[in-house]
Amino acid sequence: MDVTYSIPTTVDVVLPCLDEARALPWVLDRLPAGWRAIVVDNGSADGSAEIAAGLGATVVREPRRGFGAACHAGLLAAEAEFVCFCDCDASLDPGLLPAFVAEVAGGRADLVLGRRRPQTRGAWPAHARAGNAALSRMLRRRTGLRLRDLGPMRAARREALLDLSLTDRRSGYPLEMVVRAADAGWRVTERDVPYLPRTGRSKVTGTWRGTWQAVHDMRAVLAREPGAAPGAGAAADVVPEDVRDERAGAR
Ligand SMILES: Nc1nc2c(ncn2[C@@H]2O[C@H](COP(=O)(O)OP(=O)(O)OP(=O)(O)O)[C@@H](O)[C@H]2O)c(=O)[nH]1
Ligand SMILES: [Mg+2]
């Protein structure tokens, strides 16, 4: 029997943001009506925070650099029953999130992930796709979960997420979330989502250095024993080198 559940409007969407001024208007415009956008500004130098605030988002400032630092600051600032995550670079459409939340609210899953389906050649470079596939295989060996992607678009219950006590503050954060969810016996599902070419300059996937750092952080997560503390550096205040380069004028 297929039961239809109404979509709760008590949803906060965490949007980690580092220099995404050009993408923000599109992203915030796609947010489902009545949902709250929490834009976590991770030290942007392009006016992202002001643009987000001007467009009605709640802005949280997280000076400690790192994707995980930004996501976790958003989770701590959230208040709604359900929390979603979505990149803030216009590569993923937050308008698709109600179906994610419906799965959680309807009791069919505890964590829903967006499986990225690239819409154009340039949306997801081959090296990033290959790295992601390798990680999915490692995740399966480590947890038994059969996922085809470890995408950043997600939904879960806020309190349950907090109970996972995630410690990674860099690129390992999304993987750590899935590993700990699996260890806790969560039902993790994935839904296809179109993956669009990002707006603005690539910081991670489109650069070898960014990709290398992401793989490094994620391997560290997988190497950890269940319940173990993070290794040195996983929670460190490290500015990714590619971002340092950008700050130094390489842009
Ligand atoms: N790279 C990076 N992104 C951050 C950071 N803090 C917040 N973000 C945001 O996290 C989201 C994901 O980062 P992206 O740079 O899009 O990473 P990606 O999708 O793997 O790779 P590209 O889109 O090619 O750069 C974006 O919305 C960023 O603005 C940070 O310290 N580093
Ligand atoms: Mg991106």
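The values are calculated or read from the model by the stated rules, or taken from the named source; none is laboratory data. Everything quoted here is computed from the prediction, not taken from an experiment. Here the Cβ positions follow ideal geometry from the backbone for every residue, glycine too, while neighbour counts run over all protein chains shown. Areas reflect the complete protein model, heavy atoms only, side chains present, ligands, DNA and RNA absent. Shrake-Rupley method; radii C 1.70, N 1.55, O 1.52, S 1.80 Å.
Structure data summary
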{"item": "Backbone HN-Hα couplings from phi across the stretch 40-49 [Karplus 6.51/-1.76/1.60, Hz, Gly and Pro as x]", "result": "9, 7, 9, x, 5, 10, 10, x, 3, 4"}
{"item": "Relative packing of 135-145, 37-47, 167-177, which averages over residues the other C-beta atoms within 10 Å, highest first", "result": "167-177, 37-47, 135-145"}
{"item": "Size of electric dipole in the chain: Cβ of Lys, Arg +1 and of Asp, Glu -1, about Cα centre, debye, nearest 20", "result": "940"}
{"item": "Nonlocal amide H pairs with Arg116, under 5 Å, H built at 1.01 Å", "result": "Gly151, Val193"}
{"item": "Dipole of the stretch 11-230 [Lys/Arg +1, Asp/Glu -1 at C-beta], most positive-end residue of Val14, Thr211, Met153", "result": "Thr211"}
{"item": "Heavy-atom surface of the chain, accessible at 1.4 Å and reported per residue (Å²)", "result": "45"}
{"item": "Selection from Ile51, His72, Gly144, by position along the positive dipole direction of the chain (Cβ)", "result": "Gly144"}
{"item": "Signed unit charges on C-beta, dipole axis of the chain, positive-most listed residue Val188, Gly34, Val101", "result": "Val188"}
{"item": "³J(HN,Hα), Karplus 6.51/-1.76/1.60, whole Hz, each residue of the stretch 172-185, x for Gly, Pro", "result": "x, 4, x, 6, 4, 4, 6, 4, 5, 4, 5, 4, 8, x"}
{"item": "The stretch 96-103 - phi-based ³J(HN,Hα) in whole Hz, Karplus 6.51/-1.76/1.60, Gly and Pro as x", "result": "8, 5, x, 5, 5, 5, 4, 5"}
{"item": "Helix-derived mean residue ellipticity, 222 nm - over the chain, DSSP H n ≥ 4, -39500 (n - 2.57), to 500", "result": "-10500 deg cm²/dmol"}
{"item": "Within the accessible area of the stretch 11-230 (1.4 Å probe), percent carbon and sulfur", "result": "50"}
{"item": "Under-5 Å amide H pairs with Gly43, H placed in peptide plane, nonlocal only", "result": "Glu62"}
